[in-house]
Amino acid sequence: MLTQIVFVAMLLIGLGLLLNLWSLLRGPSMPDRLLALDTMYINSIALLLCYGIYGASNLHFEAALLIAMLGFVSTVAVCKFMLRGDIIE
């Protein structure tokens, strides 16, 4: 029963990733595209966690943590670039 629920959750998260990709490609402005990319990071973390539950592997949880840290740093860097036009002062 749990495997079926996790599989359905993975399908719905995958659908969310596709919708985020569509929003990323058609976004009218740069902040909209940044928000779509940030949401894609969150959805990919959720997908990886569901796959870790499905496969009973601890390695996927560590990879999700790594993606979360990289997603946060890249979002901060792009926001700083959008506000100031420069990343490193």
I'm checking my understanding of the structure. Among residues of region 56-89 that are of a type outside the set (S, T, N, Q) and assigned to a loop (DSSP other than H, G, I, E, B), which one is most open to solvent (accessible area, probe 1.4 Å)?
89
Condition check for residue 34: in a helix (DSSP H, G or I) and within 15 Å of the chain's Cα centre (by Cα)
yes
List pairs: first residue in region 8-36 and closer than 22 Å to residue 82 by Cα, second residue assigned to a helix (DSSP H, G or I) and basic (Lys, Arg) anywhere in the structure, Cβ distance under 6 angstrom, at least six positions apart or on different chains.
24/33; 27/33
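The values are calculated or read from the model by the stated rules, or taken from the named source; none is laboratory data. All values derive from a computational prediction rather than experimental measurement. Positions of Cβ are generated from backbone atoms using ideal geometry, with glycine treated the same way; all protein chains shown enter the neighbour counts. Calculation scope for accessible area: heavy atoms of the full protein, side chains included, ligands and nucleic acids excluded. Shrake-Rupley method; radii C 1.70, N 1.55, O 1.52, S 1.80 Å.
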